[in-house]
Amino acid sequence: MYFDKLLFRTAIYQNTGKQPLAVVLSDFTEVVLAPQAKLEVNRYYGLFDRELRLDGNAFFNVHEDKDKAFRVLTGYGELEVLGTEFFVEEKHDRSGVQIELTEGKLSMETNSGAKYLLEHTGKISMSDKTFEPVENNVNQGHTWFGQPMVFEDLPIHEIINRINKIYGFDLIRLNDLVGGECRLHTVVYPGRIEEFINELELLFNIKCRRYKGTFDIDEINCNG
């Protein structure tokens with residue numbers, strides 16, 4: 001059902017490594033891809049729609065946009081949200097996917113047309129024909145997801161450099177320091193870079209411009 005929808009593609013993110021791959025899309029939605037996972041992004045993503053295709057396991061932290069729903073197309077069906085956090089993990093026998101909602105609301109439809117609405121938190125198993133609830137006490141562990149990045153009393157510029165190295169490009173640009181070198185003890189979780197930026201805004205009154213999936217910090221006041 002998804003091939004016609006994604007006739008024109010401009011971005012393919014393929015995780016060929018052994019560690020999770022973090023991606024920030026142009027609307028600041030954050031995706032963490034498991035090893036061997038692939039994400040195909042529509043050419044017009046963010047302009048006319050927010051639609052992409054997933055093959056494999058991934059975590060999504062979806063930036064809210066009330067005018068454009070966020071859609072994930074899989075080999076078994078489609079998931080639609082406005083702003084939320086959730087995992088999609090393919091079963092080992094490739095009979096479907098297990099979806100875990102950690103926050104928000106998630107609307108789903110299988111290839112056969114069956115529909116299901118998951119709210120707040122919970123797990124559901126989806127095949128190409130039907131849904132099957134999964135007990136919340138069943139812990140998959142998300143072992144592929146990676147560990148949080150812990151920074152203990154480090155200069156801000158060094159923390160940013162390390163984050164950029166992990167993401168593979170200049171996700172965060174720091175242009176100006178006021179009042180000396182800022183230092184910070186913090187934890188940055190995979191797929192939650194926006195939370196780190198919000199922490200800097202709260203602690204250091206930073207001026208940050210957000211543009212097409214990057215953060216430009218024009219001013220940071222180390223005196224708070």
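Taken together, the values in this text are just the output of simple stated rules run on the coordinates, not laboratory data. Given the structure is predicted, the values throughout are model-derived calculations rather than measurements. Glycine gets a Cβ as well: all are built from the backbone with ideal geometry, and neighbour counts include every protein chain shown.
Annotations for the structure displayed:
- On Cα atoms only, tilt of 156-167 relative to the major axis of the chain in degrees: 30
- Inter-label distance, Lys115 to Lys212: 3.7 nm, where each label sits 7 Å from its Cα along the C-beta direction.
- 0 to 90° range, to nearest 10: angle between helix 193-204 axis and the chain longest Cα axis: 30
- Nearest-20 debye value, the chain charge dipole, Cβ charges on Lys, Arg, Asp, Glu: 600
- Of Ile163, Thr74, Ile217, farthest towards positive along the dipole that unit charges on Lys, Arg, Asp, Glu beta carbons give the chain: Thr74
- Once both labels are positioned 7 Å from their Cα atoms along Cα-to-Cβ, the gap between His92 and Ser125 label points is 1.3 nm.
- Cβ screening of the chain for cysteine pairs under 4.7 Å finds these without a partner: Cys208.
- Listed by chain and number, the aspartates and glutamates whose alpha-carbon sits under 12 Å from that of Lys18, ignoring those within fewer than 8 places in the same chain, form an empty set.
- Calculated Rg and Dmax of the range 147-221 using C-alpha coordinates, Å: 11.4, 33
- Cross-link reach list, lysines versus Lys123, counting only Cα pairs under 19 Å and skipping chain neighbours closer than eight places: Lys91, Lys105, Lys115
- Stokes-Einstein diffusion coefficient of the chain, Kirkwood radius over Cα pairs, 20 °C, 1.002 mPa s, in µm²/s: 115
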